[in-house]
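Heads up, the thing below is written out as structure tokens.
Read-outs throughout are calculated quantities, based only on the coordinates presented, and are distinct from any laboratory measurement. Source: prediction; values computed, not measured. In this analysis, Cβ positions are derived from the backbone assuming ideal geometry, glycine residues included, and neighbour counts consider all displayed protein chains.
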Amino acid sequence: MDYSILTNEELTKQLALCKKRYQSLLKEKLSLDLTRGRPSQEQLELSQPMLDYIATYKPGKNSDYRNYGQVEGIPELRAAIADMLDVDKENVIATSVSSLNLMFDVLARAFSFGVCGSTPWAKLPKVKFICPVPGYDRHFKMLESFGVEMICVPLLENGPDMDIVEQLVASDEAIKGIICVPRFSNPTGDVYSAQTVDRLVAMPTAAKDFRIFWDNAYFAHELYADAPVLKNIFDCAGDLDRVYMFMSTSKITMPSGGISALICTPKNVKSTLEFMGVQSLSYNKLVQYAHAQFLPNAAALRAHMEKHAEILRPKFERILALLDERLIGLPQVSWNHPRGGYFITIYAMPHTAKHIVDLCKKAGLTLTAAGSTYPYYRDDLDSVMRLAPTYIQPEQIDVAMDILMTSIEIATLERMIG
Ligand SMILES: Cc1ncc(COP(=O)(O)O)c(C=O)c1O
């Protein structure tokens, strides 16, 4: 329906219908959740056989992964990750669960000890990071917890607005980094273009110890075979020492039983391991071993991720079909059609997102808090909403979307009527 041609009277009638629908949904006393990007149980089952490798593990002639040692990760896993990401295996440090944990540690080291000999960031009057927005709420929370001042730069279809980024980093020594989700960004699903990747590595920065936090959380998470590919950042010309790439298998195998990795140049590997060797005597090498056996190379990963995509595609497609069917024509409301990743972003009419999330909550559908895709929860337009379709059961999607779309209609129509 094209709402923009309706008279006020017609809009009021439409609003009354939506409110009636909302009242009937309220009576159903539902409890549904589209908040966090968790794999569903069905997805987790795909990796259950991996656990057998732990139970049947037998030590090799020269190695016993049950014991201390090899803080850099076991060689088989480093090689598997290197193949998956097309990087040198010497540049891979593989640890235990949570890339977020790795990122936090990298930041903590930069604050406490500096970066490869630079002044510890904690001794500087100000540390700033560029944050492409909308972005990942936990990145922002992490930076905030270190007292980092976050500078928002719009995330465009091809990555952050590089004209703004280049100008900022060239002139301000306090800007020490940028945090990126370059493939299937959380939440927009955008993929950085090759030109953006090139520019990030080549751009002059006032800070000598500038770092790119390259959170490759969704590097293998395409929903379609023709999904856009990401240029390998380590193939770019420029300052590769500025790149810290992160990956994990949280959404490949199991978030609570996975592995994560930091990939960086030999100079960064050396300086990182100096501290990691002090911090720990070993990571969970049996879990690393199970991963290396279960997913020994890029081909095995691709086959495994295709199984994930088969589970996820219908959920994404159903949600998008419902949005396309019911909300097209509602002014200033749009959504993206991601080719991979874990999220769908809805851009609600400005100044309605919080109201929509509240309406949904009352009707039993929990959504990620409005504003959470911006540092300090400051979405000035109050418009961006993130949907995480992975965890919900397929049979719950229609009713969850009914609540969401009815709430969007109510909030939008109320504003149109004024
Ligand atoms: C962009 C991004 N990075 C990191 C994570 C968390 O990863 P991990 O489980 O490896 O800490 C998530 C989880 O949703 C994410 O979306």
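Ellipsoid fit via the Cα gyration tensor, the chain: semi-axes of 40, 27, 17 Å, each the root of five times an eigenvalue, largest first.
For segment 105-211, which chymotrypsin sites (Phe, Trp or Tyr not before Pro) are both in a DSSP coil and crowded by at most 15 other Cβ atoms within 10 Å? Filter output for segment 105-211: PHE146.
Using DSSP, restrict attention to beta bridges with both residues in the chain and report what percent are antiparallel, rounded to the nearest 5.
Here the antiparallel bridges make up roughly 45 percent for the chain.
Between SER112 and LEU320, the simple label model (points 7 Å from Cα in the Cβ direction) yields a spacing of 4.4 nm.
DSSP bridge analysis restricted to segment 49-296 gives an antiparallel fraction near 35%, rounded to the nearest 5.
Projecting the Cα atoms of GLY159, TYR192, SER99 onto the dipole axis of segment 49-296, where Lys and Arg carry +1 and Asp and Glu carry -1 at the beta carbon, places SER99 farthest toward the positive end. Modelled label positions at ASP235 and SER334, each set 7 Å beyond Cα in the direction of Cβ, lie 3.0 nm from each other. About its Cα centre, the chain has a charge dipole of approximately 1080 debye under the convention of +1 per Lys or Arg Cβ and -1 per Asp or Glu Cβ, with nothing else charged.
A Förster radius of 41 Å combined with the Cβ-Cβ distance from GLN167 to LYS307 puts the calculated FRET efficiency at roughly 0.40.
How would you rank 376-388, 328-340, 258-270, highest first, on the average number of other Cβ atoms within 10 Å across their residues?
Values: 376-388: 18.7, 328-340: 17.0, 258-270: 20.9.
Answer by packing, highest mean first, reads 258-270, 376-388, 328-340.
Could you tell me which residue out of VAL181, LEU322, ILE259 lies farthest along the dipole of the chain toward its positive end? Charges go on the beta carbon: Lys and Arg +1, Asp and Glu -1, centred on the Cα centre. In the chain, that residue is ILE259. Computed from label points 7 Å out along Cα-Cβ, the spacing between GLN48 and ARG21 is 3.8 nm. Listed values for segment 48-64 are Karplus-derived 3J(HN,Hα) couplings in whole Hz (6.51 cos²θ - 1.76 cosθ + 1.60, θ = phi - 60°), namely 3, x, 4, 5, 4, 5, 6, 4, 9, 4, 10, x, x, 5, 10, 8, 9, and x replaces Gly and Pro.
For segment 119-195, the alpha-carbon radius of gyration amounts to 1.11 times the rule-of-thumb value 2.2 N^0.38 Å expected for a compact globular protein. Taking the beta-carbon count within 10 Å as an exposure proxy, list ILE356, ILE392 from fewest neighbours to most. Going from sparsest to densest Cβ surroundings: ILE392, ILE356. From the cross-link list LYS61/LYS307; LYS13/LYS315; LYS128/LYS267; LYS251/LYS354; LYS128/LYS354; LYS141/LYS251, which pairs have alpha carbons spaced over 26 Å apart? Over 26 Å apart, Cα to Cα: LYS61/LYS307; LYS13/LYS315; LYS251/LYS354; LYS128/LYS354.
Treating r as the C-beta distance of LYS61 and LYS267 and R0 as 22 Å, the FRET efficiency rounds to 0.10.
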